[in-house]
Amino acid sequence: MEFLALFVSLPTRQSAGRMRIWRALRALGCATLRDGVYLLPESPQHAAALAQIADEVRAVQGTADLYRLGGRDEAQQAGIVALFDRGPDYARLLEAIRAARATVNPKSVHALRREFKAITAADYFPGEAQKQTEAALAELAAVAGGEPHAVDQEIRRLASADYSGRTWATRKNLWVDRMASAWLIRRFIDRKAKFLWLDTPKKCPKAALGFDFDGAAFTHVGSRVTFEVLAASFAVDGDPAIARIAAIVHCLDVGGVPVAEAAGIEAVLGGLRAGAPDDDKLLAAASRVFDGLYRNFQQENSHD
């Protein structure tokens with residue numbers, strides 16, 4: 001593997017410029033080879049980002065040169081890779097996750113999840129520390145929101161005609177996966193669906209179809225969240241617009257691959273939940289958001 005090396009020299013009087021450039025390098029997750037030499041794994045995206053920073057350095061009367069380098073042998077290559085170690089960042093986040101278990105709430109989980117995403121975005125050589133932190137965060141999320149544990153089973157194809165006019169039940173105080181799943185059910189699976197919002201899954205009536213809780217008819221399976229399981233079960237996962245929404249729901253519910261639209265959707269849905277008097281009103285408002293997303297993604301796909 002080769003690396004991009006940005007050699008930077010800044011005039012001492014440019015304190016504001018130095019800080020701005022240092023923050024940009026830090027945001028990219030650059031490793032420091034020595035004072036004034038910053039590294040990233042070679043890629044076109046990293047080359048463009050470092051070239052932009054080099055231009056900013058020159059704009060404040062500094063010097064900047066971009067080179068390609070690699071280790072002369074395995075030991076030196078390993079030494080370069082070690083410069084990108086995010087272990088200390090994960091260790092600090094693990095401590096915060098453990099502390100949050102004392103007073104768990106969804107807001108603290110969302111904040112910790114955002115921090116985890118920021119670290120993983122610059123973790124170019126992920127290892128055990130990332131896995132350990134992700135597992136701890138998933139455990140905290142389960143405690144905070146009663147999130148279901150994933151089961152390992154085959155997802156069977158079902159006919160929506162067999163599920164018409166049913167009562168569907170999930171945990172109250174809806175959040176992304178349950179909002180999106182309820183929208184998907186009423187929009188594509190059971191247009192006459194009625195919903196029950198449960199205080200606890202134990203109160204789910206036997207005649208109701210449960211979703212997004214342990215033991216429910218539809219819940220997390222493997223790496224898929226409930227929305228993805230429902231989409232696959234009723235054969236709507238082949239719709240590109242549904243797939244785009246599924247990626248957002250997955251990102252916001254359990255993390256993983258970042259999605260550009262996710263932060264904006266999270267903010268909108270958070271605002272709707274803060275202002276909704278009950279889950280029926282919240283679902284109605286959230287459904288308009290998902291309807292808009294669906295139409296927008298359909299339109300984008302038709303132009304491709």
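General observations
- Spans of strands (runs of 3 or more DSSP E) in the stretch 1-120 with at least 3 residues closer than 30 Å to Glu134 by Cα: 31-34, 37-41
- Matching residues, the stretch 69-100, being of a type in the set (Lys, Arg) and farther than 25 Å from Met19 by Cα: Arg72, Arg98
- One residue from Ala91, Ala64 being of a type in the set (A, V, I, L, M, F, W, C) and loosely packed, with under 15 Cβ neighbours inside 10 Å: Ala91
- Restricted to the stretch 250-277, and to residues there that are among the charged types (D, E, K, R) and touching a residue at least 60 places away in the same chain (Cβ under 8 Å), the residue that is surrounded by the most Cβ atoms within 10 Å (Cβ to Cβ) is Asp253.
- Listing of helices (runs of 4 or more DSSP H) fully contained in the stretch 220-304 that carry 1 or more residues being of a type in the set (S, T, N, Q): 226-233, 279-303
- Cβ separations smaller than 6 Å between residues 6+ apart or across chains give the following pairs from the stretch 116-134 residues that are outside the structural domain of Gly29 (by TED's automatic domain parsing) and among the aliphatic types (A, V, I, L, M) to residues that are surrounded by 18 or more Cβ atoms within 10 Å (Cβ to Cβ) and assigned to a helix (DSSP H, G or I): Ile119/Asp89; Ala129/Tyr90.
- If the condition is being buried (at least 16 other Cβ atoms within 10 Å of the Cβ) and basic (Lys, Arg), then the stretch 1-30 contributes only Arg18.
- Residue count for the stretch 197-216 under the criterion of being over 12 Å from Thr167 (Cα atoms), without any contact (Cβ under 8 Å) to a residue 60 or more places away in the chain and either part of a loop (DSSP other than H, G, I, E, B) or touching a strand residue (DSSP E or B) at 6+ places or on another chain (Cβ under 7 Å) (or both): the result is 5.
- Residue match in the stretch 37-51 (condition: surrounded by fewer than 15 Cβ atoms within 10 Å (Cβ to Cβ), within 30 Å of Trp175 (Cβ to Cβ) and touching a residue at least 12 places away in the same chain (Cβ under 8 Å)): no
Each row is one residue, and each column tells you yes or no for (1) loosely packed, with under 15 Cβ neighbours inside 10 Å; (2) among the hydrophobic types (A, V, I, L, M, F, W, C); (3) in the same structural domain as Ala111 (by TED's automatic domain parsing); (4) under 23 Å from the mean Cα position of the chain (by Cα).
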| residue | (1), (2), (3), (4) |
| --- | --- |
| Ser164 | yes, no, no, no |
| Ala169 | no, yes, no, no |
| Leu184 | no, yes, no, yes |
| Phe188 | no, yes, no, no |
| Arg191 | yes, no, no, no |
| Trp197 | no, yes, no, no |
| Lys206 | yes, no, no, no |
| Arg244 | no, no, no, yes |
| Ile248 | no, yes, no, yes |
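- Within the set Ala159, Ala138, the sole residue that is small (Gly, Ala, Ser) and either touching a helix residue (DSSP H, G or I) at 6+ places or on another chain (Cβ under 9 Å) or surrounded by 14 or more Cβ atoms within 10 Å (Cβ to Cβ) (or both) turns out to be Ala138.
- Selected residue (only one of Gly270, Gly255 is modelled with pLDDT under 95 and in contact with a Phe, Trp or Tyr (Cβ under 7 Å, 6 or more places away or on another chain)): Gly255
The values are calculated or read from the model by the stated rules, or taken from the named source; none is laboratory data. Bear in mind the structure is a predicted one, so any value in this text is a computation, not a measurement. As a convention, Cβ positions derive from the backbone with ideal geometry for all residues, glycine included, and neighbour counts pool all protein chains shown.
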